[in-house]
Amino acid sequence: MSIKKQVDVLVIGAGPSGTIAASIMHKAGLSVQVVEKMLFPRFVIGESLLPRCMEALEEAGMLEAVKAKHFQQKDGAKFVWDEKVCDFNFSLQFTPGWQWTWQVPRAEFDKTLADECEKMGVAIEYETEVTNIEIAADGTSKTTVKDKNGNTELIEARFIVDGSGYGRVIPRLFGLEKQSSLPPRKAVFCHMTDPKRSAASEPNRIIIYVHDPKTWIWVIPFSNGNTSVGYVGDPEFFDKYKGNQTEVYKQLIAAQPELAERFGESDMIWEPRVLQSWSVTTETFFGNGFVLTGNVTEFLDPVFSSGVTLASVSAQMAAKLVIRQLNGESVDWKTEYMEPMQKGVDVFRTYVNGWYEGTLFTIFFAENRNPEIMSQICSVLAGYVWDESNPFVKSHEKNVRTLARYLETTKTSV
Ligand SMILES: Cc1cc2nc3c(=O)[nH]c(=O)nc-3n(C[C@H](O)[C@H](O)[C@H](O)COP(=O)(O)OP(=O)(O)OC[C@H]3O[C@@H](n4cnc5c(N)ncnc54)[C@H](O)[C@@H]3O)c2cc1C
């Protein structure tokens, strides 16, 4: 097979991690080619962003294009358990940084980023799938890609950024996949019309409902008038609901009083979708001639909306290191990339585990919450998980555990 193209960097996938990395590297003068398996716009889940991802969008030069789409602004997140409410407002967060972000239908958001990337001059080949990669000892690679007509071609690159999300191209091809420590969970979700939205007390606010201690629900209103509603829980939770996906989803809507009230008469925009067992990780986040970004590294759980933010920050961080390496500087990928990314993921892991173990319920739904502590936790939920001046980042595990134990034993306010 002849070599079709020679580029500095081949980026696999045109999701947020791929296009943010591609834009930053292109702006630094590298020649970048993106290959994307699907035709955009394409559906992907992950609609609630965190303020920290705004910094990555800004550095990639994409912020204005996204602003122009007038997506629903997100100023915080509200957690509701029966009568108890825990409302985080990003303007009260501990870490200096962005105090808002967006709730986005991802098909449109991802297409906006990809179009902006192309406008800057990055070539994106859609409906083109990576099927094989060979990397030489000097790190240069030959990647086989297959287009929708079955034609195959080779792309030679000095470096590969794998942002293939759930496709997990390099971990699969190179046998790097590793089991996650998190148990498998399942989600059933749909986009709904929302005619009763204006009757809600905060119509456009994202709400997380605790359905039962192991099952929760997201309600993410969009600026187009539709709202994303999804259940997440142990796979067994869903066994008691019988019928096809639409029938099961209708029963789920009826099973939570707030949903029944607001969405009982809504229309489904498409047939409800199901996703299961998404938590997976890899042995390493980098190797000779490649780096993994976004979901390919590790995706934990949707409860704190960390996915797109970790994808954006990893892309931002990786792109800058690729630029340095291809400009002849030495890069220590372990200490400069994998360890900091792992650290951010580990902070979220503590909160995800705390959520499912119930520790976080004790903290979130305590009667008189300490505003200083809640502002520190708010920064974690805003995605500022690298701010070591925040005690709930620096000593995340210990402080979450200690605070919950204190609240449990005293059963008073903090
Ligand atoms: C139930 C659920 C709910 C979620 N909710 C949220 C949320 O509210 N907020 C949030 O931030 N995150 C959420 N996430 C996580 C979110 O989906 C991901 O973290 C995010 O999409 C990762 O972005 P990415 O750029 O890494 O990958 P993706 O957005 O998945 O993009 C990867 C791209 O690579 C392409 N690709 C795959 N294989 C190949 C190949 N062989 N060749 C070429 N291209 C390829 C794909 O077509 C895709 O377009 C949720 C996840 C789940 C499971």
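So Asn89 passes all but one of these: (1) in the same structural domain as Met25 (by TED's automatic domain parsing); (2) surrounded by 15 or more Cβ atoms within 10 Å (Cβ to Cβ); (3) of a type outside the set (Asp, Glu). Which condition number does it fail?
Looking at each condition in turn, Asn89 falls short on (1).
Filter segment 207-244 down to the residues that are surrounded by 14 or more Cβ atoms within 10 Å (Cβ to Cβ) and over 26 Å from the mean Cα position of the chain (by Cα) and list them by number.
Tyr241
Which condition number in (1) within 13 Å of the ligand (Cβ to nearest atom); (2) more than 23 Å from Ile207 (Cβ to Cβ); (3) among the polar types (S, T, N, Q) is the one that Ser306 fails?
Ser306 satisfies all of (1) within 13 Å of the ligand (Cβ to nearest atom); (2) more than 23 Å from Ile207 (Cβ to Cβ); (3) among the polar types (S, T, N, Q) except (2).
Considering each residue of segment 27-37, count those that are within 6 Å of the ligand (Cβ to nearest atom) and either outside any loop (DSSP other than H, G, I, E, B) or out of contact with any Phe, Trp or Tyr (no Cβ under 7 Å at 6 or more places or on another chain) (or both), and give that number.
Within segment 27-37, the subset within 6 Å of the ligand (Cβ to nearest atom) is 35-37.
Next, only the ones that are either outside any loop (DSSP other than H, G, I, E, B) or out of contact with any Phe, Trp or Tyr (no Cβ under 7 Å at 6 or more places or on another chain) (or both) stay: 35, 37.
Total satisfying the criteria: 2.
Quick one: Leu182 ticks every box in (1) in a loop (DSSP other than H, G, I, E, B); (2) more than 25 Å from Arg106 (Cβ to Cβ); (3) not charged (D, E, K, R) bar one, so which box is it?
(2)
Look at Glu55 and say whether it is away from the ligand (no atom under 11 Å from the Cβ), buried (at least 18 other Cβ atoms within 10 Å of the Cβ), touching a residue at least 12 places away in the same chain (Cβ under 8 Å) and among the charged types (D, E, K, R). Explain how you work it out, then say what you get.
On the way: away from the ligand (no atom under 11 Å from the Cβ): yes; buried (at least 18 other Cβ atoms within 10 Å of the Cβ): yes; touching a residue at least 12 places away in the same chain (Cβ under 8 Å): yes; among the charged types (D, E, K, R): yes.
Yes.
How do the pairs read when you match residues in segment 64-87 that are more than 18 Å from Thr215 (Cβ to Cβ) with residues anywhere that are of a type in the set (Asp, Glu), using Cβ under 6 Å and keeping only pairs 6 or more apart or on different chains?
Qualifying pairs under 6 Å: Ala65/Glu116.
So which residues in segment 67-77 are in contact with a Phe, Trp or Tyr (Cβ under 7 Å, 6 or more places away or on another chain) and not in a strand (DSSP E or B), if there are any at all? Talk me through it step by step, then tell me what you get.
Within segment 67-77, the subset in contact with a Phe, Trp or Tyr (Cβ under 7 Å, 6 or more places away or on another chain) is 71-77.
Result: Phe71, Asp75.
Looking at Ala114, Ala77, which is the one that is at pLDDT below 95 and either of a type in the set (Asp, Glu) or under 17 Å from the mean Cα position of the chain (by Cα) (or both)?
On the way: Ala114 fails: at pLDDT below 95.
Just a single option satisfies the conditions, and that option is Ala77.
Quick check on segment 125-145. Is at least one of its residues closer than 29 Å to Leu259 by Cα and surrounded by fewer than 21 Cβ atoms within 10 Å (Cβ to Cβ)?
Here is the first cut: in segment 125-145, the residues closer than 29 Å to Leu259 by Cα are none.
So far as segment 125-145 goes, no, none of its residues is closer than 29 Å to Leu259 by Cα and surrounded by fewer than 21 Cβ atoms within 10 Å (Cβ to Cβ).
Those residues that are touching a Ser or Thr at 6+ places or on another chain (Cβ under 7 Å) and either closer than 25 Å to Ser312 by Cα or surrounded by 15 or more Cβ atoms within 10 Å (Cβ to Cβ) (or both), I need them from segment 270-280; list them, please. First the steps, then the outcome.
Filtering segment 270-280 for residues touching a Ser or Thr at 6+ places or on another chain (Cβ under 7 Å) gives 271-272, 279-280.
Correct list: Pro272, Ser279, Val280.
Between Gln93, Gln99, Gln103, which is modelled with pLDDT of 95 or more and in contact with a Cys (Cβ under 6 Å, 6 or more places away or on another chain)?
Numbers: Gln99 fails: in contact with a Cys (Cβ under 6 Å, 6 or more places away or on another chain); Gln103 fails: in contact with a Cys (Cβ under 6 Å, 6 or more places away or on another chain).
It is Gln93.
Could you grab me the full set of residues in segment 270-282 that are in a loop (DSSP other than H, G, I, E, B) and at pLDDT 90 or above?
Trp270, Glu271, Pro272
Return the residues of segment 10-32 that are surrounded by fewer than 24 Cβ atoms within 10 Å (Cβ to Cβ) and within 25 Å of Asn151 (Cα to Cα); say none if nothing qualifies.
Correct list: Ser31 only.
Which of (1) outside any helix (DSSP H, G or I); (2) within 15 Å of the ligand (Cβ to nearest atom); (3) aromatic (Phe, Trp, Tyr) is the odd one out, the single condition Phe348 does not satisfy?
Just one mismatch for Phe348, condition (1).
Applying the selection to segment 146-196, what residues are without any contact (Cβ under 8 Å) to a residue 40 or more places away in the chain and surrounded by 17 or more Cβ atoms within 10 Å (Cβ to Cβ)?
Scanning segment 146-196 gives a single hit, Lys146.
Considering Ile20, Ile45, which residue is in a helix (DSSP H, G or I) and within 15 Å of the ligand (Cβ to nearest atom)? Break it down into steps so the answer makes sense when it comes.
Working: Ile45 fails: in a helix (DSSP H, G or I).
The match here is Ile20.
Can you find a residue in segment 327-340 that is buried (at least 18 other Cβ atoms within 10 Å of the Cβ), within 16 Å of the ligand (Cβ to nearest atom), of a type in the set (Phe, Trp, Tyr) and under 14 Å from the mean Cα position of the chain (by Cα)?
no
Run down Glu283, Glu265, Glu247, Glu258 and say which single residue is surrounded by fewer than 22 Cβ atoms within 10 Å (Cβ to Cβ), within 25 Å of Phe348 (Cβ to Cβ), outside the structural domain of Val380 (by TED's automatic domain parsing) and more than 16 Å from the ligand (Cβ to nearest atom).
Working: Glu265 fails: within 25 Å of Phe348 (Cβ to Cβ); Glu247 fails: within 25 Å of Phe348 (Cβ to Cβ); Glu258 fails: within 25 Å of Phe348 (Cβ to Cβ).
Being surrounded by fewer than 22 Cβ atoms within 10 Å (Cβ to Cβ), within 25 Å of Phe348 (Cβ to Cβ), outside the structural domain of Val380 (by TED's automatic domain parsing) and more than 16 Å from the ligand (Cβ to nearest atom) holds for just one of Glu283, Glu265, Glu247, Glu258, which is Glu283.
The values are calculated or read from the model by the stated rules, or taken from the named source; none is laboratory data. The structure displayed is predicted, hence computed values, not measured ones. Methodologically, a virtual Cβ is constructed for each residue, glycine included, from the backbone with ideal geometry; neighbour enumeration extends over all protein chains shown.
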